[in-house]
Amino acid sequence: MGHRTALHGRHREAGARLVDFAGWEMPIQYRSQIEEHHAVRRAAGAFDVSHMGVVDIEGERATDCLRYLLANDVGRLEADGRALYTCLLNEQGGVLDDLIVYRRDPQRYRTVVNAATREKDLAWMRRHAEAFGVSVRYRDDLAMIAVQGPEARERAGPALPMAVAEPAAALRPFTAAEGGGWFVSRTGYTGEDGYEVILPADDAVAFWDALMSAGVAPCGLGARDTLRLEAGLNLYGQDMDETVTPLESNLGWTVAFEPAERDFIGRDALERQREAGVARKLVGLVLEGRGVLRAHQTVSDGEHAGELTSGSFAPTLGQSIGLARVPQGFGERCEVSIRGRALPARVVRPPFVRHGRPRIG
Amino acid sequence: MSEVPSELRYTRTHEWVRDEGDGTVTVGITDHAQSSLGDLVFVELPEGGGMLEAGAACAVVESVKAASDIYAPLDGEMVGANERLADEPELINSDPYGEGWIFRLRVSDEGALDELLDADGYQEVLEAEE
């Protein structure tokens, strides 16, 4: 039997379909995945994301440690409560994971890592943290609920405890506030406004119930995937992994090469790649006709070939979209091989949808 | 609980088959199948006129999650497909045994229909899967 989150009973009662997700028994959908998707684009939806790993990194040299461990520079976090998206790289510049890191104070940081990579991340972080005398602590006492959508903050606000409600209401995007053991950030993985709430596992059911009473739709990981794909956000294990670098994964913007004197794991490899020229890139695809793009389908512009890393039907657009890794110089039009047929597709720049609106012509 | 109408025949791969009494059968996927697949967003319909063998993949339904083959339940000739599904694949979700039918076959051997599962037999397949 897989790990269960504090909300497992609620998911069962709601009739959610539960699937194994990196060893966790998680809801893939409650009723209709497409309706859940629309609920987030149009109003508000809640996701149990307690399977994601909350990891606290603390110690006098925590900043130095993370400036070495992460490709983005936590030195850019100029105030407590600020957040940064970054990759955790190996020495070859391959992506071990992508994560968000929050500065709580200059000696205390919180990261949220993927469920499937948690053990690997922890081992890697601990191995390198030792030299800095920094502690790496996995917080299995916490739950995590994402509330996303144009009405998410308004509906979730009254459900937050007093200690954190007021600072949460004042949050700007990519910042976090904490109080009473709750940690609320204005971040997400859907292309919509909203909160990601990290809270004591014992409080999870009451918070979830309050969200449901406020008219927030329960949403499964199925809808989370179509929402993130429309938002043009990479999924670890599909759109990137240890065999590719951030520069090949549309994530060059998350690598802080400046200041030049900062040494970080993978830096040398990325600099060599940058000098030699990055051979591949990740692009967005829109299928022109009927059909559904899926990971691993091959794509060709007649001259160059590539491969879909993610693909799905996009409910907001009513057509199929995907991400594909292709060589530099790949054309603007291409064909995707779907069950032996070559179907025309257009290369676009993600995101496909942002704040509920289509971003592709 | 999934609906399993008693007047239909079934395959282990979750197609239902209705005898039209004129040498043809109508084929779709069961309530259980549509519910397991989730929201359907695309149906690749079979071409008419082809001869099919029982068990041959002849159509594809795609949900948000994945693509699934639909198999011919019996030997026969493809004589029609539900063109409405091209624009409204969700008919399979909303009415799997009615407006969500997928194709029609002129069967080579009408006796073979009796070899398919009846409702009780299919119900047992579902129970075994759980």
Farther than 28 Å from A:A314 by Cβ, assigned by the TED database to the domain that holds A:F183 and basic (K, R): does that describe A:R31?
no
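Each row is one residue, and each column tells you yes or no for (1) within 14 Å of chain A (Cβ to nearest Cβ); (2) at pLDDT 95 or above.
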{"residue": "B:S35", "(1), (2)": "yes, no"}
{"residue": "B:D39", "(1), (2)": "yes, yes"}
{"residue": "B:A66", "(1), (2)": "yes, no"}
{"residue": "B:Y97", "(1), (2)": "no, yes"}
{"residue": "B:L117", "(1), (2)": "no, yes"}
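Please go through segment A:265-312 and pick out each residue that is within 14 Å of chain B (Cβ to nearest Cβ) and closer than 23 Å to A:V95 by Cα.
Here is the first cut: in segment A:265-312, the ones within 14 Å of chain B (Cβ to nearest Cβ) are A:287-297, A:308, A:310-312.
Answer for segment A:265-312, where residues must be within 14 Å of chain B (Cβ to nearest Cβ) and closer than 23 Å to A:V95 by Cα: A:R294, A:A295, A:H296, A:Q297, A:L308, A:S310, A:G311.
Condition first: assigned to a loop (DSSP other than H, G, I, E, B) and either within 14 Å of chain B (Cβ to nearest Cβ) or surrounded by fewer than 23 Cβ atoms within 10 Å (Cβ to Cβ) (or both). Now tell me which residues in segment A:201-224 satisfy that. Talk me through it step by step, then tell me what you get.
As a first pass, look at segment A:201-224 and keep what is assigned to a loop (DSSP other than H, G, I, E, B): A:214-216, A:220.
Answer for segment A:201-224, where residues must be assigned to a loop (DSSP other than H, G, I, E, B) and either within 14 Å of chain B (Cβ to nearest Cβ) or surrounded by fewer than 23 Cβ atoms within 10 Å (Cβ to Cβ) (or both): A:A214, A:G215, A:G220.
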For the list (1) over 28 Å from A:A168 (Cα atoms); (2) in the same structural domain as A:F174 (by the TED database); (3) touching a residue at least 12 places away in the same chain (Cβ under 8 Å), I need the number of the one condition that A:D64 fails.
(2)
How many of the residues making up segment A:214-260 are in contact with a helix residue (DSSP H, G or I) (Cβ under 8 Å, 6 or more places away or on another chain) and among the small types (G, A, S)?
8
Within segment B:47-64, work out how many residues are more than 10 Å from every other protein chain (Cβ to nearest Cβ), surrounded by 22 or more Cβ atoms within 10 Å (Cβ to Cβ) and either out of contact with any Ser or Thr (no Cβ under 8 Å at 6 or more places or on another chain) or touching a residue at least 60 places away in the same chain (Cβ under 8 Å) (or both).
2
Mind checking which pairs have a first residue in segment B:109-121 that is on the phi > 0 side of the Ramachandran plot and a second that is part of a helix (DSSP H, G or I) and among the polar types (S, T, N, Q), Cβ under 9 Å, 6 or more apart or different chains?
none
Would segment A:68-84 turn up any residue that is among the hydrophobic types (A, V, I, L, M, F, W, C) and assigned to a helix (DSSP H, G or I)?
yes
Run down A:E25, A:E35 and say which single residue is acidic (D, E), assigned to a strand (DSSP E or B) and more than 19 Å from A:F132 (Cβ to Cβ).
A:E25
One residue is enough: does segment A:137-146 have a residue meeting the conditions within 19 Å of the chain's Cα centre (by Cα), in a helix (DSSP H, G or I) and of a type outside the set (D, E)?
no
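If I ask for residues that are at positive phi and surrounded by 22 or more Cβ atoms within 10 Å (Cβ to Cβ), which ones from segment A:98-156 would you list? So that I can check it myself, show each step before the final result.
As a first pass, look at segment A:98-156 and keep what is at positive phi: A:133, A:149.
Within segment A:98-156, just A:G149 meets the criteria.
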Of the conditions (1) away from chain A (no Cβ under 14 Å); (2) within 15 Å of the chain's Cα centre (by Cα); (3) touching a residue at least 24 places away in the same chain (Cβ under 8 Å), B:G23 fails just one. Which one is it?
(2)
Does segment A:185-200 contain at least one residue that is among the basic types (K, R), out of contact with any helix residue (DSSP H, G or I) (no Cβ under 6 Å at 6 or more places or on another chain) and within 14 Å of chain B (Cβ to nearest Cβ)?
no
Exactly one of these conditions fails for A:R41: (1) modelled with pLDDT under 95; (2) of a type in the set (K, R); (3) under 19 Å from the mean Cα position of the chain (by Cα). Give me its number.
(1)
Got at least one residue in segment A:225-236 being aromatic (F, W, Y), touching a residue at least 60 places away in the same chain (Cβ under 8 Å), in a helix (DSSP H, G or I) and within 20 Å of A:F21 (Cβ to Cβ)?
no
If A:D268 satisfies all but one of (1) modelled with pLDDT under 95; (2) assigned to a helix (DSSP H, G or I), what's the number of the condition it fails?
(1)
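So, A:A269, is that one of a type in the set (G, A, S), loosely packed, with under 15 Cβ neighbours inside 10 Å and not assigned by the TED database to the domain that holds A:R224 or not?
Numbers: of a type in the set (G, A, S): yes; loosely packed, with under 15 Cβ neighbours inside 10 Å: no; not assigned by the TED database to the domain that holds A:R224: yes.
No; evaluated as a whole, the condition is false for this residue.
The values are calculated or read from the model by the stated rules, or taken from the named source; none is laboratory data. No experiment lies behind these values; they were computed from the predicted model shown. When we count neighbours, we look across all protein chains shown, and the Cβ atoms used for this are built from the backbone with ideal geometry, even at glycine.
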